[in-house]
Amino acid sequence: MKAAIYFSNSDIRTEDVDDLSVGPGEIKVKIMACGVCGSDVMEWYRLKRAGRPGGIGAFGHECTGIITEVGSKVDLKWNVGDRVVVTHHVACNTCNVCLRGHTTACDTLQKTKFKNAFGAFAEYVVLPEINVDRGILRLPESVSFELGTFIEPLGSVLRGNQWAPTSDGRSILIIGAGITGLLHIQVARLNGAGYIAVSDINPDRLKLAQKFGADAIILATEDVPKKFKELNNGLGADTVIMTAPISICVKQSLEAIGQGGTILFFAPTNPEIQSEINLWDLWQKEITITHSYGADFHNLSTALKWIQYNRINVTDMITHVFPLEETVEGFLLTAQPREGSLKVIIHPQE
């Protein structure tokens, strides 16, 4: 089969690799669409965690496809020809953190991946038995393979909203107007947020933020915390959601949050970056700082329903679709957006 092999964001080669065998309890899926995630193009992360095939993590994970082979001992509800959404990370559901609701902090979830070393930027993946048991969803006929690739990023956003409340008319500042920032806008609105402002360095992305429901936009070259407070009747934000993995955005988050507010650091900065935090200010203002990693099966199931029943607009986010041979173009466009570019999807069968 063919797979995209990663060496760097600008060096991704389509090569012939060994076909995949299917063992007991396993399922083989023909990948029809796979989205390029922001984490895919974090080069420092990709080289450290995945690097060349065989490393940890999966290269390509926002994927949908068709079951082409079912191993022995697989539940009879799964059959060849079924349209599915699959996830590379699955929790054990029995450890201490899982039982406390922090399933995405589970060691099993952070270690599991597709059976093959190439992830879903490939013609096929094989799901290990544990993924078949708790990492596969049936994709309704009404949801295209392309729209199904949003289930993983939307699930991650929904999970973030569990820890950072956006309900009850709260004022929200979202830092970063990429895919997850735009999803956070829509989720916050559906959850009952009040005033929603979005900041970004890119004026085109800010226009998109308005299209997807932001009440106000702030160019990141301005004093973002000051501007937000001016727009919000002098008050800091009830919830700040940082989706841009840049150190200055950490500082902006801390300065923009209001008394009793919650900061969600949704995107991580490079692990070598250290950020100063004034604990006195947090203590006096009763500020909560929280984080969110990935999505669990419940989040993915909810995301699928929201997309299936058109509760959220992901259709208008798709701007570019490339065949497998042009995966590198998709990566470069995601890492360095050009005017009009937003979400890139790869078609491994083309």
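Data for the structure
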item: Unique residue being in the same structural domain as residue 139 (by TED's automatic domain parsing) and more than 19 Å from residue 182 (Cβ to Cβ) when the list is 251, 305, 285; result: 305
item: Filter result (in a loop (DSSP other than H, G, I, E, B) and either touching a helix residue (DSSP H, G or I) at 6+ places or on another chain (Cβ under 6 Å) or among the charged types (D, E, K, R) (or both)) within segment 262-293; result: 266, 269, 270, 272, 273, 275, 276, 286, 292, 293
item: Filter result for the condition that a residue is under 20 Å from the mean Cα position of the chain (by Cα), modelled with pLDDT of 70 or more and either assigned by TED's automatic domain parsing to the domain that holds residue 29 or surrounded by 15 or more Cβ atoms within 10 Å (Cβ to Cβ) (or both), over 80, 84, 70; result: 84
item: When residues of segment 294-317 are limited to those that are in contact (Cβ under 8 Å) with a residue 60 or more places away in the chain, in a helix (DSSP H, G or I) and in contact with a Lys or Arg (Cβ under 8 Å, 6 or more places away or on another chain), the one surrounded by the most Cβ atoms within 10 Å (Cβ to Cβ); result: 299
item: Conditions (1) over 29 Å from residue 189 (Cβ atoms); (2) outside the structural domain of residue 303 (by TED's automatic domain parsing); number of the one not met by residue 124; result: (2)
item: Strands (runs of 3 or more DSSP E) contained entirely in segment 140-243, each with at least 3 residues that are crowded, with 20+ Cβ neighbours inside 10 Å and at pLDDT 95 or above; result: 172-175, 196-200, 237-242
item: Residues of segment 23-39 classified as more than 15 Å from residue 66 (Cα to Cα) and either of a type in the set (A, V, I, L, M, F, W, C) or surrounded by 22 or more Cβ atoms within 10 Å (Cβ to Cβ) (or both), total; result: 3
item: Filter result for residue 60 (small (Gly, Ala, Ser) and either in contact (Cβ under 8 Å) with a residue 40 or more places away in the chain or under 25 Å from residue 163 (Cα atoms) (or both)); result: yes
item: Single match in 237, 244 (criterion: small (Gly, Ala, Ser), in contact with a Gly (Cβ under 7 Å, 6 or more places away or on another chain) and under 19 Å from residue 337 (Cα atoms)); result: 244
item: Subset of segment 117-173 [polar (S, T, N, Q), touching a Gly at 6+ places or on another chain (Cβ under 6 Å) and more than 24 Å from residue 101 (Cβ to Cβ)]; result: 149, 171
item: Answer from 112, 104 - the residue that is at pLDDT 95 or above and either of a type outside the set (S, T, N, Q) or farther than 28 Å from residue 323 by Cβ (or both); result: 104
item: Test: residue in segment 248-260 that is within 30 Å of residue 140 (Cα to Cα), buried (at least 17 other Cβ atoms within 10 Å of the Cβ) and modelled with pLDDT of 95 or more; result: no
item: When residues of segment 293-350 are limited to those that are among the acidic types (Asp, Glu) and within 30 Å of residue 246 (Cα to Cα), the one modelled with the lowest pLDDT; result: 339
item: Boolean, residue 190 is farther than 15 Å from residue 256 by Cβ, in the same structural domain as residue 221 (by TED's automatic domain parsing) and not charged (D, E, K, R); result: yes
item: Residue, nearest to residue 151 (Cα to Cα), within segment 95-107, restricted to residues that are surrounded by fewer than 18 Cβ atoms within 10 Å (Cβ to Cβ) and touching a Ser or Thr at 6+ places or on another chain (Cβ under 9 Å); result: 97
item: Residues that are in contact with a helix residue (DSSP H, G or I) (Cβ under 8 Å, 6 or more places away or on another chain) and surrounded by 19 or more Cβ atoms within 10 Å (Cβ to Cβ), drawn from segment 318-350; result: 342, 343, 344, 345, 346, 348
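Condition check ((1) among the charged types (D, E, K, R); (2) under 16 Å from residue 113 (Cβ atoms); (3) assigned to a loop (DSSP other than H, G, I, E, B)) across all residues:
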position	(1), (2), (3)
7	no, no, no
31	no, yes, no
34	no, yes, no
41	no, no, yes
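The values are calculated or read from the model by the stated rules, or taken from the named source; none is laboratory data. Keep in mind that what you see is a predicted model, and the values were worked out from it rather than measured. Glycine gets a Cβ as well: all are built from the backbone with ideal geometry, and neighbour counts include every protein chain shown.
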